[in-house]
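Every number here is computed from the coordinates shown, using simple stated rules; none is lab data. Since this is a predicted model, take the numbers as computed values, not measurements. As a convention, Cβ positions derive from the backbone with ideal geometry for all residues, glycine included, and neighbour counts pool all protein chains shown.
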Amino acid sequence: MSIFFVRYLVNLKSKKMLRTILLVGTGGFIGSVMRYLIQVFVEKDLSSTFPYGTLIANITGSFIIGIVFAVAEKGDLMSSEWRMFLAVGICGGFTTFSSFSYNNFTMLKENAFGPFFMNVFGSLFLGILAVYLGVLLVRLIF
């Protein structure tokens, strides 16, 4: 499959598309490293099986993406390339829905229903609240 992807990239007529792909990929790398470092830092001294690092990454990433899209809605404050880099790249690499899903599956498998519900509802409700607060922060500033 990778040879077809490489051929597609080589045959791209739009340098802007290639630039956007590179920006998103670079942002994804940065976001993934940030997520890893948060998980290591937050969970290094905890004996709990609760995924605090994932929860923090999801809430923080939701807040950041709220800020990014609110700033982008203000018109000329952010280019579409910056929005792609920050929202799709960094936030996409940073937030951890696949890790979130796996952690929840594991908690269900282990009959850890309390931590399961805390993680699901905490991530969903606090994530939505964080997006709202990010948007609200931008509205207050601008």
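If you check Ser62 against the conditions, is it in a helix (DSSP H, G or I), of a type in the set (S, T, N, Q) and surrounded by fewer than 18 Cβ atoms within 10 Å (Cβ to Cβ)?
On the way: in a helix (DSSP H, G or I): yes; of a type in the set (S, T, N, Q): yes; surrounded by fewer than 18 Cβ atoms within 10 Å (Cβ to Cβ): no.
In short, no.
Residues that are aromatic (Phe, Trp, Tyr), within 22 Å of Gly25 (Cα to Cα), assigned to a helix (DSSP H, G or I) and in contact with a helix residue (DSSP H, G or I) (Cβ under 7 Å, 6 or more places away or on another chain): does segment 125-136 have at least one?
No: zero hits.
Taking the options Leu86, Leu124, name whichever one is under 27 Å from Phe142 (Cβ atoms) and hydrophobic (A, V, I, L, M, F, W, C).
Leu86
Please tell me if Thr49 is in a loop (DSSP other than H, G, I, E, B), in contact (Cβ under 8 Å) with a residue 12 or more places away in the chain, over 20 Å from Thr26 (Cβ atoms) and not acidic (Asp, Glu). Let's see the steps before the verdict.
Working: in a loop (DSSP other than H, G, I, E, B): yes; in contact (Cβ under 8 Å) with a residue 12 or more places away in the chain: yes; over 20 Å from Thr26 (Cβ atoms): yes; not acidic (Asp, Glu): yes.
Yes; evaluated as a whole, the condition is true for this residue.
I'm checking my understanding of the structure. Among residues of segment 31-54 that are among the hydrophobic types (A, V, I, L, M, F, W, C) and crowded, with 16+ Cβ neighbours inside 10 Å, which one is farthest from Gly92 (Cα to Cα)?
Restricting to residues being among the hydrophobic types (A, V, I, L, M, F, W, C) and crowded, with 16+ Cβ neighbours inside 10 Å, the top hit is Phe50.
Could you check how many residues of segment 107-142 are over 20 Å from the mean Cα position of the chain (by Cα) and surrounded by 15 or more Cβ atoms within 10 Å (Cβ to Cβ)?
4
Any residue in segment 71-84 that is without any contact (Cβ under 8 Å) to a residue 24 or more places away in the chain sitting within a Cβ distance under 6 Å of a residue that is assigned to a helix (DSSP H, G or I) and charged (D, E, K, R)? List the pairs, counting only those 6 or more apart or interchain.
Ala72/Arg83
May I ask you to list the residues in segment 90-106 that are out of contact with any Phe, Trp or Tyr (no Cβ under 8 Å at 6 or more places or on another chain), assigned to a helix (DSSP H, G or I) and crowded, with 21+ Cβ neighbours inside 10 Å?
Of everything in segment 90-106, those that are out of contact with any Phe, Trp or Tyr (no Cβ under 8 Å at 6 or more places or on another chain), assigned to a helix (DSSP H, G or I) and crowded, with 21+ Cβ neighbours inside 10 Å turn out to be Ile90, Cys91, Phe94, Asn103.
Give all pairs with beta carbons closer than 7 Å in which a residue from segment 127-139 that is at negative phi and in contact (Cβ under 8 Å) with a residue 24 or more places away in the chain meets a residue that is outside any helix (DSSP H, G or I) and among the β-branched types (Val, Ile, Thr); count only pairs at least 6 apart in sequence or on separate chains.
That search, which allows pairs on different chains as well, returns nothing.
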